[in-house]
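*Asks:* One structure follows; several queries about it will come next.
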C-alpha cells in the first residue's frame, strides 16, 4: 500500500511530457531585435515579481498568523490605520509602475517596427553604406508570398535572408487582415488589404526558423506558416540561384491563380516577377481593366470623376467576395467600379443632347473631372504609369 502511494503522482507527470517538445523561440531569439524584445519582457516580468512574490508570501503569513485559532496573535479590533504600512503599500507599486513606464516607453520607440535598424547586434552598429535587403510580403489565403525586388525572384511559404544584414519587410494582404511574425527574428506586424506596413529585423545566427500568421484569418489559418532561412551571404546567393534555376514567372495572371484560397501549400519559387506586381496588390488593381486606388485618389484630388464617371462602370472584381461570387447587392445596387472616364460627348449622350448642343448651351463646370488624364508616374517617377483601363469604345482592355 505504501509503495502504491509513493508512485501515485507519477501519471500526472505525463501531462508535462508534451512541454519537452516546445521550443522557446521568444526566450531564445536569433536576432538582435528579438533579443532586445526578450530582454524587455524578462526585465518587466522580474520587476513585477518584486511586488507579486512578497504579496503572495505575506498573504500566507497573514492567513496563518491571524487565524482564529492562533491565540498568540495581537487582537486589536479598533485598529484601522498605519501610515508606515500605507507608505509601503502605495510607494513600492508606484515605483515599479514608473520604472515599467520608462522602460516600455524607451523600448517601444527603440523597437518601432518602422524604425530602421541602428545596430546589427550589441556593440556592432550598422555601417553607413549598408543597404537593407528589401523583401515584399503578401499575406494570401492561406499562404505567404515573398517578393525580392532587387533579385527579381519570388517564393511561396519560404524566405531566405543573409545573417548580420538588416532586412526591411514591406507588407500587405489580399483579402483580410493578418499578422506576420517570426519569433526568433523580430516582432509582429499586421498586414492589411489596401495598405502597406513595414517591419525591420535582422538574423544574427544561421538556421531554419519558423514564421507564422499570428492572427486568425479563416479556415486554413492553422497551416499558414513558412520557413525562414538564415545563412551567410554565400548561402543566400545559392538560394537565389536555385530559385532562378527553377524557372517560372510570377505575372499578374499567375498571381490571380495563386490568390485563390488554398491550404498547406508547399514551398515554391519563381525566377521572374512582374516589377509592378506588389504595388498593384497594394492598390487592388492586379486584374486587367481595373483602376488602381492610388490613381483614383489622385483623380479625386484633381476634382474627381463626377457624373461623367458614372457612365462607365463594371463589376467590382478586385473585391474578394465579388470574385468568389458571394457578395450580395447593397441596398439593391449591384457592386460596380469606375473603369474609364467620360468625354464631353459621353456626358452629352448621358443627358440626351448632341455634342454640338453641349458645347454651346450646357455648362460643364459641375462635371469636374470629366475626361481627366490618368495621373503620371503612379509606380515609377520617371515613366508614365502602365495602369490598364477599360477602353469604352472597344469594350476591351487598353493601356494608357
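The values are calculated or read from the model by the stated rules, or taken from the named source; none is laboratory data. Computed from a predicted structure; not experimentally measured. Here the Cβ is made from the backbone with ideal geometry for all residues, glycine too, and neighbour counts use every protein chain on show.
*Asks:* For the list (1) part of a loop (DSSP other than H, G, I, E, B); (2) in the same structural domain as residue 157 (by TED's automatic domain parsing); (3) surrounded by 15 or more Cβ atoms within 10 Å (Cβ to Cβ), I need the number of the one condition that residue 288 fails.
*Replies:* Result: residue 288 fails condition (2) only.
*Asks:* Taking the range 225-259 only, how many residues are closer than 23 Å to residue 27 by Cα and out of contact with any helix residue (DSSP H, G or I) (no Cβ under 9 Å at 6 or more places or on another chain)? Break it down into steps so the answer makes sense when it comes.
*Replies:* As a first pass, look at the range 225-259 and keep what is closer than 23 Å to residue 27 by Cα: 225-231.
When the remaining residues are screened for being out of contact with any helix residue (DSSP H, G or I) (no Cβ under 9 Å at 6 or more places or on another chain), the result is 225-228.
Qualifying residue count, the range 225-259: 4.
*Asks:* A further question on this structure: Take the conditions in contact with a helix residue (DSSP H, G or I) (Cβ under 8 Å, 6 or more places away or on another chain) and under 30 Å from residue 198 (Cβ atoms) and apply them to residue 36. Does it pass?
*Replies:* Working: in contact with a helix residue (DSSP H, G or I) (Cβ under 8 Å, 6 or more places away or on another chain): yes; under 30 Å from residue 198 (Cβ atoms): yes.
So residue 36 fits the description; yes.
*Asks:* From the list 185, 159, which residue is surrounded by 15 or more Cβ atoms within 10 Å (Cβ to Cβ), assigned by TED's automatic domain parsing to the domain that holds residue 240, under 16 Å from the mean Cα position of the chain (by Cα) and not in a strand (DSSP E or B)?
*Replies:* On the way: 159 fails: not in a strand (DSSP E or B).
Within the list 185, 159, the selection yields 185.
*Asks:* So the check is Cβ under 8 Å with 6+ separation or different chains; which pairs have a first residue in the range 103-116 that's free of Cβ contacts under 8 Å to residues at least 40 places away in the same chain and a second one that's surrounded by 11 or more Cβ atoms within 10 Å (Cβ to Cβ)?
*Replies:* These pairs meet every condition: 109/115.
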